[in-house]
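Student: Here's a structure for you.
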Amino acid sequence: MSRLRPLVHFTVTSGWMNDPHGVTFDGEKYHMFYQYVPGVTSWESHLLWGHAVSDDLVNWQEIEPALHPLETEVGCWSGSVVINDDKVPVMFYTSPKNEEWGHGRVVAANGSFDWKVWTRTSETPLVDGPAEPTYFDFRDPQVRRDGDVWKMT
């Protein structure tokens, strides 16, 4: 018996997924990224950025994950994707500080023109998060263009 699947809502073929983010159109295809833990059906901190592509925003093809955590990262959590002035895709994501999951750092990675290879822009986070935890859940950077200026919230 085949597994029942949603007709429109994207799901991975195996593993746990959550938080679709970074939906972007490159001029030919739509790219959707999502929190992904392969091989299990429950949340774990070492999240990857799963990656799917579509021609029409309805039919999605799951491809290789875009981003894997470095040895120095707990995981690659939610964020956003933009295409910069040089037509290079850039992802901004949350990299939690050790096991202090509520205290994230903002890290960036540049994508190749085919969107299959992602390289961190620096070993140093763009935003290191609060020095002293006065609140939790510093994560999920959203980047957008406002005229000639890029803004992050």
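Student: If you scan segment 128-153, which residues turn out to be at pLDDT 90 or above and outside any loop (DSSP other than H, G, I, E, B)?
Tutor: Selection gives Val143, Arg144, Arg145, Asp146, Val149, Trp150, Lys151, Met152.
Student: Can you name every residue in segment 55-70 that is open to solvent by 40 Å² or more (accessible area, probe 1.4 Å), touching a residue at least 40 places away in the same chain (Cβ under 8 Å) and within 17 Å of the chain's Cα centre (by Cα)?
Tutor: If the condition is that a residue be open to solvent by 40 Å² or more (accessible area, probe 1.4 Å), touching a residue at least 40 places away in the same chain (Cβ under 8 Å) and within 17 Å of the chain's Cα centre (by Cα), then Trp60, Glu62, Ile63, Glu64, Leu70 are the ones that fit.
Student: Among (1) within 11 Å of the chain's Cα centre (by Cα); (2) open to solvent by 20 Å² or more (accessible area, probe 1.4 Å); (3) not polar (S, T, N, Q), where does Val40 come up short?
Tutor: (1) is the only condition that Val40 fails.
Student: Just to check your reading of the model, which residue among Pro69, Pro20 is closer than 14 Å to Tyr93 by Cβ and assigned to a strand (DSSP E or B)?
Tutor: None of the other options fit; the residue is Pro20.
Student: Any idea how many residues of segment 12-54 are out of contact with any Pro (no Cβ under 8 Å at 6 or more places or on another chain), of a type in the set (Phe, Trp, Tyr) and either without any contact (Cβ under 8 Å) to a residue 12 or more places away in the chain or under 15 Å from Trp115 (Cα atoms) (or both)?
Tutor: Qualifying residue count, segment 12-54: 2.
Student: Search segment 82-95 for residues that are within 21 Å of Pro130 (Cα to Cα) and pair each with any residue that is surrounded by fewer than 18 Cβ atoms within 10 Å (Cβ to Cβ) and at pLDDT below 90 when their beta-carbon atoms are under 7 Å apart and the residues are at least 6 apart or on different chains.
Tutor: Listed by first residue and then by second, the contacts come to Thr94/Asp140; Ser95/Pro125.
Student: Also, I was wondering about something else. Anything in segment 91-105 that is open to solvent by 10 Å² or more (accessible area, probe 1.4 Å) and under 14 Å from Gly22 (Cβ atoms)? List them, or say none.
Tutor: The one that is open to solvent by 10 Å² or more (accessible area, probe 1.4 Å) and under 14 Å from Gly22 (Cβ atoms): Phe92.
Student: Which members of segment 27-66 meet the condition of being in a strand (DSSP E or B) and of a type in the set (Gly, Ala, Ser)? Write out each step before concluding.
Tutor: Going through segment 27-66, the residues in a strand (DSSP E or B) turn out to be 30-37, 48-54, 60-66.
Hits for segment 27-66 are Gly50, Ala52, Ser54, Ala66.
Student: Can you tell me which condition Val12 does not meet? The list is (1) at pLDDT 90 or above; (2) within 16 Å of the chain's Cα centre (by Cα); (3) closer than 21 Å to Ala109 by Cα; (4) in a loop (DSSP other than H, G, I, E, B), and all the others hold.
Tutor: So the condition that Val12 fails would be (3).
The values are calculated or read from the model by the stated rules, or taken from the named source; none is laboratory data. Keep in mind the model is a prediction, meaning the values are calculated, not measured. Because the Cβ atoms are built from the backbone with ideal geometry, glycine has one as well, and the counts that use them run over all protein chains shown. All accessible areas refer to the heavy atoms of the entire protein, side chains included, with ligands and DNA or RNA removed. Shrake-Rupley method; radii C 1.70, N 1.55, O 1.52, S 1.80 Å.
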